[in-house]
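The values are calculated or read from the model by the stated rules, or taken from the named source; none is laboratory data. Just so it is clear, the structure is predicted and the values come from calculations on it, not from any experiment. Glycine also receives a Cβ, built like all others from the backbone with ideal geometry; neighbour counts cover every protein chain displayed.
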Amino acid sequence: MKKRLVVLLLSVFLIASVFAGGSKEASAEEGGQTVLTVLTTAVTQEPEGSLAEEYIAEFERLNPDIKIEITGVPMNSALQRITTLAASGSLPDLFVNTENIVGQLADMGICEDLTPYLSEDEINNIVDSVRTGCTIDGQLVMYPWYSGPNALIYRTDWLEELGIEPPQTLDEVVAAAQKLTRDTNGDGMTDTYGFGLIGTNDDSGQTRFVMILRSFGARELYFEDGEWKTEIGTPESVAAFEYFRDLSTKYKVVPPGALENSFNENVNLMAMEQIGMLIAGSNSVGKIFNANPELEGRIGSVEMPSAVTTYTPSSILGWSLNPESEHKDAAIRFVKFMSNKENSLRWVEVTGRMPCMKDAITESDYLSTDLFRGFVAGFENMVQAPNAPFYAEVKTELGKCYQSLIMDPSLDAAAEVAKCAEAVQRIIDNNA
């Protein structure tokens, strides 16, 4: 463990000077104010960015002794940016953290245990599945801000028009997608597709594939009897890869360019009314409505459909506190404000990202609508992703495999999955 940490810090230190700009020393003060440095992804996207800036301005108004200094970072660059800043001694007071990277960052020792800063009532107010996802080795190393559990979203009006019930199984997804893939204007060309496949080899595509993989009853990575194991290579895993491939190549229910269409492209396709169903996080609805307000009231959600079981991965974005921060009390005041009930309720209505606190969820009329039915169900049953520092490497191998099968459907799926299994096992062995 320590060896991996040393190697990681030495490697990122070489490029630290590229990223170190944009943050002040934790002890910085400006005009008698405490300057709280914050690294966040929220300000780099919309509609989150504008609302986050509004919240920050309100916090500063209510807390004139504190000035918030924000540095934005895209989500795909967050891990590299944080590790680089940590290596150069420039880590801000607060920094973004998610369920995907919390294990790696906690392993580096840069996430303060937040338990001493919270009352028992405050800790118990965090949704149980979220609190589990924020806890490593008994320490609350991430303060949750919002969650975006995945579900199957669908065009309610299209399904009603064709007499289709919202799919409960993966087979029903295929059947519904085939009916939704059609030529609506009679020009001989398909203009609406049943399903938006995120086929990119990035976290967006990998996460959706893992949801299907686990729904078939196969685990990409799990810890048992004191060691990491995989079920890639089993017949169940082969069936999952074949299902993912066949949506594009056999059933042809997804738009062209599945290998390049990541999350944002598929959200845009839904907003442009070109796809009828999509596995997506709750934040997608905010982006869809922001692009096409006419779709409000025409989208619903159901919990992730199953093959043999249902799987919804933990989805949490929050803050971690730098143990070396000299402004910890100010940092705790800030994260509590950003996540309070009033702000959380408005946040979900504008962005679609769900509160992580029980009191906000129980008082939200918005979350009781058909739009959020599937997200709320998934939210209550989220499962923490494997807490392994090398998990991202495993998912990359999965992405290579499903992309190969989509690119060349003549390949023998069992043989390709066997190669993938060998690659995943090598990763496990190299990190034993």
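Quick notes on this one:
- Criterion applied to Ala42, Ala28, Ala16 was being at pLDDT 60 or above, surrounded by 13 or more Cβ atoms within 10 Å (Cβ to Cβ), among the small types (Gly, Ala, Ser) and within 22 Å of Leu321 (Cβ to Cβ), and the one residue passing it is Ala42.
- The stretch 102-129 residues that are assigned to a loop (DSSP other than H, G, I, E, B), paired with ones that are among the charged types (D, E, K, R) (beta carbon under 8 Å, 6 or more apart): Glu112/Lys328; Asn125/Lys358; Asn125/Asp359; Val127/Lys358; Val127/Glu380
- Set Thr234, Thr230: member being among the hydroxyl-bearing types (Ser, Thr, Tyr), closer than 28 Å to Thr169 by Cβ and without any contact (Cβ under 8 Å) to a residue 24 or more places away in the chain: Thr234
- Test: residue in the stretch 138-148 that is more than 24 Å from Thr351 (Cβ to Cβ), modelled with pLDDT of 95 or more and of a type in the set (Ser, Thr, Tyr): no
- Filtering the stretch 73-91 to residues that are more than 18 Å from the chain's Cα centre (by Cα) and either assigned to a loop (DSSP other than H, G, I, E, B) or of a type in the set (Ser, Thr, Tyr) (or both) leaves Thr83, Thr84, Ser88, Gly89, Ser90, Leu91.
- Selection status of Ala176, surrounded by 22 or more Cβ atoms within 10 Å (Cβ to Cβ), under 24 Å from Val376 (Cβ atoms) and of a type in the set (A, V, I, L, M): yes
- Every test in (1) in a helix (DSSP H, G or I); (2) of a type in the set (D, E, K, R); (3) closer than 23 Å to Ser90 by Cβ is passed by Arg61 save one, and that test is (3).
- Residue within the stretch 249-260 that is at pLDDT 95 or above and under 26 Å from Gly378 (Cα atoms) present: yes
- Residues within the stretch 399-427 that are touching a helix residue (DSSP H, G or I) at 6+ places or on another chain (Cβ under 6 Å), hydrophobic (A, V, I, L, M, F, W, C), in contact (Cβ under 8 Å) with a residue 60 or more places away in the chain and closer than 16 Å to Glu220 by Cα, tallied: 5
- Which listed residue is farther than 27 Å from Arg373 by Cα and exposed (fewer than 14 other Cβ atoms within 10 Å of the Cβ), from Glu120, Glu160, Glu112, Glu165: Glu120
- Qualifying residue in the stretch 302-321 (condition: surrounded by fewer than 19 Cβ atoms within 10 Å (Cβ to Cβ) and over 22 Å from Ile164 (Cβ atoms)): yes
- The conditions of being small (Gly, Ala, Ser), crowded, with 23+ Cβ neighbours inside 10 Å and under 30 Å from Phe390 (Cα atoms) are not met by Gly276.
- Residue in the stretch 225-238 that is outside any loop (DSSP other than H, G, I, E, B) and under 22 Å from the mean Cα position of the chain (by Cα) present: no
- Within the stretch 180-203, none of the residues are assigned to a helix (DSSP H, G or I) and out of contact with any helix residue (DSSP H, G or I) (no Cβ under 8 Å at 6 or more places or on another chain).
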